Amino acid sequence: MKHILIPTDFSKNSWNAIVYILQYYKTQVCKFYLLHTHPLKPSTIENIPTFTLKSIIEQSSIQLQDFKEQILKNYSNKLHSFETLNEFLSLPKAIKSCLKKYPIHKIIMGTKQTCKHKPNLFGTTTKYIMDTITNSPIFIIPDNYNHQPIKEVLFPTDLNRFYSENEINLIKQITIEHSATLRVLNIKGNKSLNKIQKYNLSVLKQGFNSIETHYHSINNYNKKETIINECIEKLSIDLLIMVNYKHNIVKRIIHEPVIKKIGIKPHIPFLIIPEIIKINTNPKTPIHHENTTHNNTMV
């Protein structure tokens, strides 16, 4: 069973993320945790009358229950169950608390599209969650994104870092679940791969040898964000996966100055895998996708 944590503020944005993920997991047994938070400081709570606190809890509990019933009415699925969580904590603290209490596999975050006057890739809350939560994958769903089958998965890497078995297995598991094609994108400088990069590439090839994988190599290291964006468009990518580690491109992508400069927009789902993570993955043996293909240019 998958355990999925979905923070919600009852907005259209969070509803969109829920709709997407319910369809994403429609054939899998899942328990969804609907989390609503009240970011009140302990000192503030102490000064609020008991009857007022009780009223706040009751009102949000009603909203959570109504939200749950709306889901069950519109997206009923015998494979899915739901639990509502009401916390008097900031969202990051509430998420960390949930990760300790429940066997969460992924956190689902909705994010608003950029606009002309405020070119932010992600909302402030989403960015802060990505920066502070380091022990669970975070699945970011763009606002107004309609669910569609995942056929093409993009995994960018500079090959400077060794990828663990857990990280490789998670990427492989997702690709297998959707019978998708994995595209590993290496954005490099003008030099040939060094010994470390060659070794890391061999590890990826070994790890992904049971699924259909294409390897792309682009010489334009200083414009990594632009290359990723162009690759998403040219290869009709349905899901972007990246590992979030120190000095990684993820850090550059999620912060505003880069977005103003290159104009990346969160128009497809984006899965961020934290650097150090232990995930219970047991990918089924794929029925097809046996050959690995190495492409040196985007096609």
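The values are calculated or read from the model by the stated rules, or taken from the named source; none is laboratory data. A quick note: this is a predicted structure, and the numbers were derived from the prediction, not measured. Note: ideal-geometry Cβ built from the backbone for every residue, glycine included; neighbour counts use all protein chains shown.
Quick look at the values:
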| quantity | calculated |
| --- | --- |
| Listing of strands (runs of 3 or more DSSP E) fully contained in the range 124-199 that carry 1 or more residues being of a type in the set (S, T, N, Q) and under 14 Å from the mean Cα position of the chain (by Cα) | none |
| Only listed residue being closer than 30 Å to Ser11 by Cβ, out of contact with any Gly (no Cβ under 8 Å at 6 or more places or on another chain) and modelled with pLDDT under 95, chosen from Asn166, Asn146 | Asn146 |
| Which numbered condition Asn209 fails, given (1) more than 20 Å from Ile228 (Cα to Cα); (2) more than 19 Å from the chain's Cα centre (by Cα); (3) in a helix (DSSP H, G or I) | (3) |
| Condition met for Tyr215 (closer than 14 Å to Leu159 by Cα and under 23 Å from the mean Cα position of the chain (by Cα)) | yes |
| All positions within the range 75-89 that are touching a residue at least 24 places away in the same chain (Cβ under 8 Å) and either touching a Phe, Trp or Tyr at 6+ places or on another chain (Cβ under 7 Å) or closer than 15 Å to Leu22 by Cβ (or both) | Tyr75, Asn77, Leu79, His80, Ser81, Phe82, Glu83, Leu85 |
| Thr226, sole failed condition from (1) farther than 18 Å from Leu271 by Cα; (2) modelled with pLDDT under 95; (3) in a loop (DSSP other than H, G, I, E, B) | (3) |
| Condition check for Ile141: touching a Phe, Trp or Tyr at 6+ places or on another chain (Cβ under 6 Å) and touching a residue at least 60 places away in the same chain (Cβ under 8 Å) | yes |
| Within the range 149-162, tally of residues that are at pLDDT below 90, surrounded by 17 or more Cβ atoms within 10 Å (Cβ to Cβ) and among the aromatic types (Phe, Trp, Tyr) | 0 |
| Boolean, Tyr75 is within 18 Å of Ile129 (Cα to Cα) and among the aromatic types (Phe, Trp, Tyr) | no |
| Single unsatisfied condition, Asn135 versus (1) out of contact with any Asp or Glu (no Cβ under 8 Å at 6 or more places or on another chain); (2) modelled with pLDDT under 95; (3) buried (at least 20 other Cβ atoms within 10 Å of the Cβ) | (3) |
